[in-house]
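Data block below; observations after.
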Amino acid sequence: MSDRPADTPLLEVDRLNTWFHTRAGIVKSVRDVSFTVGRGEVVGIVGESGSGKSVTGLSILGLIDAPGRVESGAIRFEGRDLTKLTEAKLRAYRGARIAMIFQNPMMTLNPVLRIGDQIAEALTEHQQLSKSELRARCIAALEAVGIPSPEERLKAYPHEFSGGMRQRIVIAIALVTRPDLIIADEPTTALDVTIQAQIIHQTRKLIDETGTGLIWISHDLATLSELADRIVVMYAGSVVETGTTAEIIGNPRHPYTRQLLESVPSRNRPGKPLRQIPGIMPSLISLGDGCPFASRCDRRIEGCTSPIPAAKLTDTRTVSCINMPEPQEAFA
Amino acid sequence: MSRIRSFLAEFVENRVAALCLALTLLFAFCALFAPLIAPMNPYNLADFSLEDARLPPGSSRMEQGQKASLTISASEGRAEGAMENITYRLAPTGDGKLELQLEAPNMDVSGLRILSLPREVTVEDARRHPIRSEWTIADPSKAVILDPGPQMPVVLNFTLELESRATATSTSFALGTDGYGRDMLSAIIYGIRISFIVGAVGAIGSMMVGSSLGLIAAWFGGRVDAIIMRIADFQLSIPSLMVGLLVLTVLGKGVDKILIAIVLIQWTVFARTTRSVALAELRSDYVDAARGLRLSVTRINLRHILPNCLPPLLVILTINIASAITLEASLSFLGVGLPLTQPSLGMLISNGYEYMFSSLYWIAIYPGIVLMLMVISINVVGDRLRDMFNPQVKR
Amino acid sequence: MTAPEDTVISARDVSKSFPLEKGFLPTVRRRLTGRPLRTVSAVDSVSFDIARGETVGIVGESGCGKTTLARILTGISQLNGGSLTYDGMPFDEYMKDPARALKVQMIFQDPQSSLNGRMTVLDIVGEAPVFHGLVPRSQKEAYVREYLEKVGLSPDFIHRYPHQFSGGQRQRVGIARALAVKPDVLVCDESVAALDVSVQAQIINLLMDIRRTLGLTMLFISHDLGVIRHLCDRVIVMYLGRIVEIAPTEALFANPLHPYTKMLLDGMPRITTQRREFMSIRGEIPSPINPPRGCHFNPRCPYSTKQCLDARPPLDTAEKSRRVACINWRDAAEAAGQA
């Protein structure tokens, strides 16, 4: 686990708001989201569709297109506020200091270019290198992610690889510039279980070796529980809970987190009805100021319709709930 | 009934589309009731004459003047007589010339000609025809002086032709006339009829034929698909105008033959589009679900796949309506398809093209404006229908 | 082997292969040289029985053939080898009667593409019952309302279009569509894979509920072992078109016999508070076009021996009501016991 000294965190997201101004109304995809990522730390952002987790990741890199925009808040990367930068300055960060991995590898890979060229492009965009040095770095990148016979594979095209291999190439591209932070948005969701396990294993190894910070966005609590140091739980655009993995999984304090964990089949007796969260996620256009989970929460009280502050339970723990359930015994 | 009403109510929410729908309905009305609406029948050759050609908008139709023909036989230079209310008197003037006086109380004589005079005889103040023996008198109101020459002929035979002024009738050409003397308004209304039928029926017919073949090709695949697509490829390699020429030369002239030609030309683009969309839709789970529910092949194609093919098809349809109209105009202009006496809007425009740079603007502009409005309104209506069929478009 | 009395579905050596080369020239070449067309085997000679009322899970990763098998069992795809019997009757004969053919229905994976976006819920659910005469047209609306309630949707949704629903709601519509033709067997092809965790729980509960009230036999295809464990009585594990293991659920999870099953269970992400050490897993899933010789799993198998390349291992009975397709399963079990 990471033990961060009390210096500036690698990334600090401070009350971020990203809203989409559509004809139907303002969709508040990210509302007052705050969390930090330390150097070499793996932070998992977990949430369901509509929770705003992907939009958060895209906002960090300034990849939000109209009609959406970052309304307010700060994104401080090594102390520098990225929201204040121009597109040109931001481009110097993308790929070089902060890299992004998407769910579909074909969003990153160009089907008509050889992968060797694509890896090289990531390098030459930000650095000057000799040809032999470039080639050596590309081969090393492929080796690091476990692609066999990398010298020959440099000449291959994306379609000659399976889905898992492609995603590994994308990770290779992300890592080749030795960024300080990687943001991965559901990178293994579309992959088979055994491949997923391999990629998670490899990613963990690489992170430990290079000391890169990692934000892993997923809807799968199981994956995050095995990979992340800390977890941020999001619901309908807001952060409901943050803490270390042991804290969140072993002793969830927010009703949503607790009910989410309870609804997973492996936490229920086989054959018996699963404990489910009633209702559906509210529309992001017509949300009020209060807790977004209030409409489905069985612990709802009067004050839940007003804005909920993020209570800081410990140094590493925040929960946005004024009526928390009692602490649980930790699960193994 | 109420479903149609709610459909229409939804349609007219978009004001521009509502206006264009009204226009399209107006054109359809003209197309259906052309003989009842048009002031004149431009197909009836007897109804118009070249005399009325190229008259500007608002001109009145001219009644042809009356003609009268008198055969006069003068002896010793004298003649007298009356015929059909016209009296004449020929008498020597005294200085060797003859004077002809006419009285035509019922006629406003505007033209007077003397024919078949012997060579020696000349007429004063008259123009002689270069070839024939025909003298056209300059001022028919005055008395005509003939000069018989050195010798007074004993017998002098000649024919007198009188023409009265054309009088204006009560019928006026609202939009003027074209080069053949046809009333533009009537020609345009009849032209709308032909263009509308040709465009709409032709394009819709080719959509039905083409889409069916496309669905069949996509569903059965294999050999059936290959055969249909190769025929389409082959046909697409020949310019459409040539296909039209070939078909119409074999079939002959007429609106129905043109419709066949248009279907034969346009089916290919519908077939290909339908096939490619259908091939993608066939991979969807909902088609598998329909198969699992054991629905019939026809039902799956018509009720499930075809509606998903409609958006691009509707757009192509509206483009093809205009294209069909232009195609028909080209073919008629080239002499196949429609005869010159049954003009469509396209043909009226092509005929009027030669007058573009003269001041006779009405012969090309009015058909052009009407054609443009027709094509635009059909296109807008098609776009609106496409948007309405797509439940996901915010209206 | 003969099937027990209450068997609904009986599959013997069912195979399905797809041609790799299509068209004019390859066919000519085949006729001239006698070499057969190249094919890829999606389902390679699988045999199993499904008893009435039981829920059987089919688990495997991409290329294992589970989706193709599902489509064969529901009559959407045709098998080209082996035999399939329903209620004792050969499949083709069974399917001839449309009323009987409706007895096997499928629930699809993708809520987006499994519903026709241009049809209202009324038509989506009500079309087939009216078409087959299960309900007269005048009663269509009432019938559909009834089924929407059964799946937990408000009957007022009847005139809505799919795009106005969330993923979970669309999946419910798909379930209503299948139930409306009164099936006996429900084949769920990754039906909860595309859903959020909380919605997944709702749909799983719904499936369990209707299974109970309607007495359905279910085949549940998934890559998610957690869901399989919760829902199924027995599990069939597939790899590259072949069955590698069949066992009752608890027995499979407590003690997987086939090396691939072991790998699958190990790799499965689990909710845990401690970070695990990952076992380094060898190799990629091979392409079905060029599968390894003998046992398909041998390149990645930690227990493979030379004999594993010789021939396809038969699906033998290992213990009571358990079958494994591995010649070394006893050694593998010992080695695992010692580890």
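The values are calculated or read from the model by the stated rules, or taken from the named source; none is laboratory data. Note that the coordinates shown come from a computational prediction; the quantities given were computed from them, not determined experimentally. Cβ sites come from the backbone with ideal geometry, for glycine too, and all protein chains shown count toward neighbours.
Within the stretch C:78-111, how many residues turn out to be within 7 Å of another protein chain (Cβ to nearest Cβ) and outside any helix (DSSP H, G or I)?
Looking only at that region, the number is 5.
Would a scan of the stretch A:143-151 turn up a residue that is in contact (Cβ under 8 Å) with a residue 60 or more places away in the chain, assigned by TED's automatic domain parsing to the domain that holds A:Ile173, in a loop (DSSP other than H, G, I, E, B) and surrounded by 13 or more Cβ atoms within 10 Å (Cβ to Cβ)?
Within the stretch A:143-151 (the criterion being in contact (Cβ under 8 Å) with a residue 60 or more places away in the chain, assigned by TED's automatic domain parsing to the domain that holds A:Ile173, in a loop (DSSP other than H, G, I, E, B) and surrounded by 13 or more Cβ atoms within 10 Å (Cβ to Cβ)), the answer is yes, since at least one residue qualifies.
Restricting to the stretch A:100-114, and then to whatever is surrounded by fewer than 18 Cβ atoms within 10 Å (Cβ to Cβ) and among the aliphatic types (A, V, I, L, M), can you tell me which residue is nearest to A:Asp180 (Cα to Cα)?
Restricting to residues being surrounded by fewer than 18 Cβ atoms within 10 Å (Cβ to Cβ) and among the aliphatic types (A, V, I, L, M), the top hit is A:Met107.
Could you go through the stretch B:205-224 and let me know if any residue there is more than 30 Å from C:Asn116 (Cβ to Cβ) and in the same structural domain as B:Ile321 (by TED's automatic domain parsing).
Checked the stretch B:205-224: no residue is more than 30 Å from C:Asn116 (Cβ to Cβ) and in the same structural domain as B:Ile321 (by TED's automatic domain parsing).
How many residues does the stretch A:293-313 hold that are part of a loop (DSSP other than H, G, I, E, B), free of Cβ contacts under 8 Å to residues at least 60 places away in the same chain and not aromatic (Phe, Trp, Tyr)?
Going through the stretch A:293-313 one residue at a time, the tally reaches 9.
Looking at B:Ser358, B:Ser323, B:Ser330, which one is of a type in the set (Ser, Thr, Tyr) and crowded, with 19+ Cβ neighbours inside 10 Å?
B:Ser323 is the lone residue from the list that is of a type in the set (Ser, Thr, Tyr) and crowded, with 19+ Cβ neighbours inside 10 Å.
Return the residues of the stretch C:196-230 that are away from every other protein chain (no Cβ under 11 Å) and buried (at least 21 other Cβ atoms within 10 Å of the Cβ); say none if nothing qualifies.
C:Thr217, C:Met218, C:Leu219, C:Phe220, C:Ile221, listed by residue number.
So which residues in the stretch A:46-76 are of a type in the set (A, V, I, L, M, F, W, C) and in contact with a helix residue (DSSP H, G or I) (Cβ under 8 Å, 6 or more places away or on another chain)?
A:Val46, A:Ile60, A:Leu61, A:Ile64, A:Val70, A:Ala74, A:Ile75
Within the set of pairs 6 or more residues apart or between chains, which connect a residue that is within 20 Å of C:Asp97 (Cα to Cα) inside the stretch C:126-145 to a residue that is among the polar types (S, T, N, Q) with Cβ atoms less than 8 Å apart?
The qualifying pairs are C:Phe131/B:Ser296.
Considering the stretch C:44-72 alone, what residues qualify as being more than 22 Å from C:Val324 (Cα to Cα) and touching a Leu at 6+ places or on another chain (Cβ under 7 Å)?
The one that is more than 22 Å from C:Val324 (Cα to Cα) and touching a Leu at 6+ places or on another chain (Cβ under 7 Å): C:Ile72.
So C:Glu277 ticks every box in (1) over 20 Å from C:His223 (Cα atoms); (2) acidic (Asp, Glu); (3) modelled with pLDDT of 85 or more but one. Which box is left unticked?
(3)
One line per residue, one yes/no per condition, for (1) buried (at least 24 other Cβ atoms within 10 Å of the Cβ); (2) within 11 Å of another protein chain (Cβ to nearest Cβ); (3) assigned to a loop (DSSP other than H, G, I, E, B); (4) not hydrophobic (A, V, I, L, M, F, W, C):
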| position | (1), (2), (3), (4) |
| --- | --- |
| C:Ser113 | no, yes, yes, yes |
| C:Arg118 | no, yes, yes, yes |
| C:Val125 | yes, yes, no, no |
| C:Ala142 | no, no, no, no |
| C:His163 | no, yes, no, yes |
| C:Ala193 | no, yes, yes, no |
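Exactly one of these conditions fails for C:Val104: (1) closer than 14 Å to B:Gly292 by Cβ; (2) β-branched (Val, Ile, Thr); (3) surrounded by fewer than 22 Cβ atoms within 10 Å (Cβ to Cβ). Give me its number.
(3)
Going residue by residue through the stretch A:241-259, is there one that turns out to be of a type in the set (A, V, I, L, M) and within 29 Å of C:Glu54 (Cα to Cα)?
No, there is no match, as no residue in the stretch A:241-259 is of a type in the set (A, V, I, L, M) and within 29 Å of C:Glu54 (Cα to Cα).
Residues that are among the aromatic types (Phe, Trp, Tyr): find the strands (runs of 3 or more DSSP E) completely inside the stretch A:1-106 holding 1 or more of those.
A:11-22, A:25-37, A:68-77
Just checking, which of C:Gly60, C:Gly53 is within 14 Å of chain A (Cβ to nearest Cβ), more than 18 Å from B:Val287 (Cβ to Cβ) and surrounded by fewer than 18 Cβ atoms within 10 Å (Cβ to Cβ)?
Matching residue, one of C:Gly60, C:Gly53: C:Gly53.
Could you grab the pairs with beta carbons closer than 8 Å, sequence gap of 6+ or different chains, first residue in the stretch B:139-164 and part of a loop (DSSP other than H, G, I, E, B), second one buried (at least 16 other Cβ atoms within 10 Å of the Cβ) and modelled with pLDDT under 80?
The qualifying pairs are B:Pro140/B:Val109; B:Ser141/B:Val109; B:Pro148/B:Gly77; B:Met152/B:Gly77; B:Pro153/B:Gly77.
Residue by residue, here is whether (1) within 10 Å of another protein chain (Cβ to nearest Cβ); (2) surrounded by 22 or more Cβ atoms within 10 Å (Cβ to Cβ); (3) among the hydroxyl-bearing types (Ser, Thr, Tyr); (4) not in a helix (DSSP H, G or I) holds:
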{"residue": "A:Gln196", "(1), (2), (3), (4)": "yes, yes, no, no"}
{"residue": "A:Gln202", "(1), (2), (3), (4)": "yes, no, no, no"}
{"residue": "A:Ile207", "(1), (2), (3), (4)": "no, no, no, no"}
{"residue": "A:Ala222", "(1), (2), (3), (4)": "yes, no, no, no"}
{"residue": "A:Ile231", "(1), (2), (3), (4)": "no, yes, no, yes"}
{"residue": "A:Gly243", "(1), (2), (3), (4)": "no, yes, no, yes"}
{"residue": "A:Ile248", "(1), (2), (3), (4)": "yes, yes, no, no"}
{"residue": "A:Tyr256", "(1), (2), (3), (4)": "yes, yes, yes, no"}
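Can you go through B:Arg127, B:Arg113 and tell me which one is at pLDDT 80 or above and either part of a loop (DSSP other than H, G, I, E, B) or surrounded by 13 or more Cβ atoms within 10 Å (Cβ to Cβ) (or both)?
B:Arg113
With respect to the numbered conditions (1) in contact with a helix residue (DSSP H, G or I) (Cβ under 8 Å, 6 or more places away or on another chain); (2) exposed (fewer than 14 other Cβ atoms within 10 Å of the Cβ), which one is the sole condition not fulfilled by A:Asp315?
With respect to (1) in contact with a helix residue (DSSP H, G or I) (Cβ under 8 Å, 6 or more places away or on another chain); (2) exposed (fewer than 14 other Cβ atoms within 10 Å of the Cβ), A:Asp315 is out only on (1).
Cβ contacts < 7 Å: first residue on the phi < 0 side of the Ramachandran plot, restricted to the stretch A:58-87; second residue assigned to a loop (DSSP other than H, G, I, E, B), any location; separation 6+ or different chain. Result?
Short answer, once both residue conditions are applied: A:Leu58/A:Ile64; A:Val70/A:Ile64; A:Leu82/A:Gly62.
Could you grab me the full set of residues in the stretch C:232-246 that are surrounded by fewer than 24 Cβ atoms within 10 Å (Cβ to Cβ) and within 21 Å of C:Asp184 (Cα to Cα)?
If the condition is that a residue be surrounded by fewer than 24 Cβ atoms within 10 Å (Cβ to Cβ) and within 21 Å of C:Asp184 (Cα to Cα), then C:Asp233, C:Arg234 are the ones that fit.
I'm trying to understand the selection: among the residues of the stretch C:175-195, which are out of contact with any Pro (no Cβ under 7 Å at 6 or more places or on another chain), within 13 Å of C:Gln109 (Cα to Cα) and not polar (S, T, N, Q)?
Within the stretch C:175-195, C:Ile175, C:Val187, C:Cys188, C:Asp189, C:Glu190, C:Val192, C:Ala193, C:Leu195 meet the criteria.
How about the stretch B:233-253: which of its residues are under 17 Å from B:Ser330 (Cβ atoms) and not in a helix (DSSP H, G or I)?
Passing the criteria: B:Ile238, B:Pro239, B:Lys253.
Of all residues in the stretch B:31-42, count the ones that are part of a loop (DSSP other than H, G, I, E, B) and surrounded by fewer than 16 Cβ atoms within 10 Å (Cβ to Cβ).
Qualifying residue count for the region: 1.
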